[in-house]
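Comments concern the structure below.
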Amino acid sequence: MAKPKLHQGTEAMGRHLTADVLVVGAGPAGASAAAWAARDGRDVLLIDMAPFPRDKTCGDGLTPRALAELDRLGLSDWVREHPVTHGLHAFGWGHDQRLPWPDGGSFPKYGSVITRAELDHRLVRHAEDCGARTLLGVHATGVRGDSGRIASVELRSPTGDSVAEVSVRTVLVADGVRSKFGTLLGRRWHRDSVYGTAMRAFMRVEQQHDWLIAHLALPYSEGETFPGYGWVFPLGESGGHHQLKGSGPLVNVGVMAYAAKGHELNSGLRPHLDRYVAEVRDSLGLSGEIMLAKSALLPLGGAVSNVAGQNWMLIGDAAGCVNPFTGEGIDYALETGRLAAEHLDEHDHSATWPHRLNYEYGPMFAATRRFARGFFKPKVMNGFGQTAIRSQRGMNTGLRLIANLIDPADKDLSARLAKLGGAFAQHRATRKPFLTSPTDIANTPEALCNQN
Ligand SMILES: Cc1cc2nc3c(=O)[nH]c(=O)nc-3n(C[C@H](O)[C@H](O)[C@H](O)COP(=O)(O)OP(=O)(O)OC[C@H]3O[C@@H](n4cnc5c(N)ncnc54)[C@H](O)[C@@H]3O)c2cc1C
């Protein structure tokens, strides 16, 4: 595939720009927020430090929850041009189970897999179609304001020599896992709660599958079990990525491990990925070399505080909106983009946005965070996993719970029990997802204090 022409956006860099809503970061969270805000008739500027298409380290798996959001945005016909997945095929402890995506809830009964190079570029184009202006290849590097409100955001070109100032009413911060811009505003990520570290790569495969494949109970060191899982997700023929060599069907292959401060992995992820690929290469028909292996951190389960100020809100990974058990976050990124757009008429987001996030995701994130922290200890994992993987019914219910395929509107028994368990876990959590505890210093950056 030839190198695509890079998209720099619809707006030219100028010294003084204005926007009713400035969105920093054009991944799924930012592009979704920009599309929803522009649909409501707002003047939106969406910026990203990368020109598009750009690679993003990810497993590229889209759950039914993500597809429901893409459908809401009006992109389901486009999604259907890509591979469809029927559910999860889980392997471990000498057994395997096919777990179809759950029936009867509020989400579609299928998923998909699309490279982030392709998905994110399509979302940026969609935001433009909805009326958002875009400026790609510029960094948000600073803020000016007073009394805690952002008045303008400073943008710089990659070389740092061209500087622009954007006067804003509201800023949506969608700058991903490390969220440097969010940190400048006071965001804090609490890594003493569980977090993830994952490595993805691409490979060719002899025959395309239509299930997400996950392997638990991978070997680690000295007879221990790897505290995470390996995956192989089907990508179809091209994958929409110009750096991939060869021809034939592609898969995204990777490993994810769980960690917490003081419980880090005993090595980098590359040896674990190599070992996993060696183990499944023949049985899954993987062929050729491992391409574009890259790793990144995952902020799990809302373990972030100071997620909003008077006229700014964090969304997506920046707010720690990643499923604590599976590590998927594209769905939450798309959702939080839509939810934040609903709050844009408010005068002050400092209290309303953390509470909205806590209401939407707090119970499930608190419960799954606790479960992941316990489950991925080798002894617990082996004892529980060996029993669970034999039970199709238990695993089906488990998939619905851990993949959070439960909607507030769902009223069936497992949905009710999950909500009850979530409320209990949230009540017991020492650190409530998204909420700022008295020990977190809510530091208003100097640039936002009164300047006279
Ligand atoms: C290895 C791995 C595998 C994963 N697999 C899956 C999976 O299979 N399914 C799933 O649902 N999730 C998966 N995830 C999680 C998923 O990738 C994230 O949850 C998702 O990308 C979050 O989207 P976002 O829009 O919040 O952030 P991002 O997609 O990270 O987008 C942030 C954007 O902000 C831009 N940016 C950053 N700083 C600035 C700045 N100062 N100025 C301008 N622009 C800026 C960046 O260039 C980037 O484009 C995986 C993550 C990893 C690491």
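Can you run phi through the Karplus equation (6.51, -1.76, 1.60; θ = phi - 60°) for region 21-31 and list ³J(HN,Hα) in whole Hz, with x for Gly and Pro?
Along region 21-31, the couplings run 10, 9, 10, 9, x, 10, x, x, 5, x, 5 Hz.
Between helix 64-73 and the chain, what is the angle of the helix's C-alpha long axis to the longest principal axis, kept within 0 to 90° and rounded to the nearest 10?
Relative to the chain, helix 64-73 is tipped by roughly 30 degrees.
If you find the alpha carbon centre of region 411-426 and of region 276-329, how far apart are they in angstrom?
With region 411-426 and region 276-329 each reduced to a Cα centre, they are spaced 25 Å.
In degrees between 0 and 90, to the nearest 10, how far off the longest principal axis of the chain does helix 413-428 point, with axes built from Cα atoms?
Computed tilt is about 60 degrees.
Which whole-number percent gives the relative contact order of the chain, counting Cα pairs below 8 Å spaced six or more residues apart?
21
Can you run phi through the Karplus equation (6.51, -1.76, 1.60; θ = phi - 60°) for region 155-170 and list ³J(HN,Hα) in whole Hz, with x for Gly and Pro?
Whole-Hz 3J(HN,Hα) from phi for region 155-170: 10, 10, 6, x, 7, x, 8, 9, 10, 10, 10, 10, 6, 9, 9, 9.
Of all alpha-carbon pairs in region 254-305, indicate the percentage at a distance above 13 angstrom.
67
Using a Förster distance of 51 angstrom, determine the FRET efficiency expected from the C-beta separation of Asp71 and Asn450, and round it to 0.05. Could you put the intermediate results ahead of the total?
Working: r = 46 Å, r/R0 = 0.90.
According to the calculation, E is roughly 0.65.
If every alpha-carbon in region 55-174 counts as one equal scatterer, what log10 I(q)/I(0) does Debye give at q = 0.20 1/Å?
-1.14
Whole number please: convex hull volume per residue, Cα atoms of region 135-213, in Å³.
Normalising the Cα hull of region 135-213 by residue number yields 198 Å³.
Ranking request for peptides 242-254, 224-236, 308-320: highest mean number of other beta-carbon atoms within 10 Å first, then the rest in descending order.
Numbers: 242-254: 18.7, 224-236: 22.2, 308-320: 29.2.
For the peptides 242-254, 224-236, 308-320, the packing ranking is 308-320, 224-236, 242-254.
In region 195-298, what is the volume of the convex hull around the alpha carbon atoms, normalised per residue and reported in Å³? List each step's numbers first, then the result.
On the way: hull volume 10.5 nm³, N = 104.
Residue-normalised Cα hull volume stands at 101 Å³.
For the chain, find the longest principal axis of its Cα atoms and tell me its angle to the long axis of helix 352-375, 0 to 90°, nearest 10.
For 352-375 against the chain, the angle is about 30 degrees.
Would you kindly find the accessible area of Leu269, with a 1.4 Å probe and non-protein molecules such as ligands, DNA and RNA excluded, rounding to the nearest 10 Å²?
10
Tell me which of Val79, Gln8, Phe91 sits at the most positive position along the dipole axis of region 1-133, charges placed on C-beta atoms (Lys, Arg +1; Asp, Glu -1).
Value computed over the given set: Gln8.
For the ranges 275-286, 296-307, 400-411, what's the packing order if you count other beta-carbon atoms within 10 Å of each residue, average per peptide, and put the highest first?
Working: 275-286: 15.4, 296-307: 25.2, 400-411: 17.9.
Going by the mean number of other Cβ atoms within 10 Å, highest first, we get 296-307, 400-411, 275-286.
Once both labels are modelled 7 Å past Cα along the beta-carbon direction, what's the Ser391-Ser162 spacing in nm?
A separation of 6.1 nm, rounded to one decimal place.
Work the Kirkwood hydrodynamic radius out for the chain: mean of 1/r over every pair of different alpha-carbon atoms, inverted, in Å. Before the final figure, lay out the partial values.
Values: mean 1/r = 0.0447 Å⁻¹.
Taking every pair of different Cα atoms in the chain, averaging 1/r and inverting gives 22.4 Å.
Calculate the FRET efficiency for Arg281 and Arg428 from the Cβ-Cβ distance with a Förster distance of 45 Å, rounded to the nearest 0.05.
The pair Arg281/Arg428 has a calculated efficiency of 0.55.
Could you give me the ³J(HN,Hα) list for region 42-48, computed from phi with Karplus coefficients 6.51, -1.76, 1.60 and θ = phi - 60°, whole Hz, x at Gly and Pro?
7, 8, 10, 10, 9, 10, 8
Step by step: find N for region 1-64, compute 2.2 N^0.38 Å, then divide the Cα radius of gyration by it. What's the final number?
On the way: Rg = 13.9 Å, N = 64, 2.2 N^0.38 = 10.7 Å.
Scaled against compact globular proteins, the figure is 1.30.
Taking 22 Å as the cut-off for C-alpha to C-alpha distance, list the pairs among Lys5/Lys180; Lys109/Lys245; Lys245/Lys294; Lys294/Lys432 that go past it.
Numbers: Lys5/Lys180 28 Å; Lys109/Lys245 33 Å; Lys245/Lys294 16 Å; Lys294/Lys432 31 Å.
Going by Cα-Cα distance, Lys5/Lys180; Lys109/Lys245; Lys294/Lys432 fall outside the 22 Å limit.
Just the number, please: carbon plus sulfur as a percent of the accessible area of region 195-298, 1.4 Å probe, no ligands or DNA/RNA counted.
Reported share for carbon and sulfur atoms: 49 percent.
I'd like the projected area of region 32-90, averaged over all directions, using the convex hull of its alpha carbons. Report it in nm² with one decimal. Numbers along the way, then the final one.
On the way: hull surface 22.9 nm².
Value for region 32-90: 5.7 nm².
Taking only protein heavy atoms into account and a 1.4 Å probe, give the accessible area per residue of the chain in Å². Write out the running numbers ahead of the final one.
Values: 18830 Å² over 452 residues.
With the other protein chains kept in place, the chain gives 42 Å² per residue.
What is the calculated FRET efficiency for Gln8 to His86, with r their C-beta to C-beta distance and R₀ = 45 Å, to the nearest 0.05?
0.70
The values are calculated or read from the model by the stated rules, or taken from the named source; none is laboratory data. What you see is a predicted model; the values in this text were computed from it and never measured. Cβ atoms come from the backbone with ideal geometry, glycine included; neighbour counts cover every protein chain shown. Areas reflect the complete protein model, heavy atoms only, side chains present, ligands, DNA and RNA absent. Shrake-Rupley method; radii C 1.70, N 1.55, O 1.52, S 1.80 Å.
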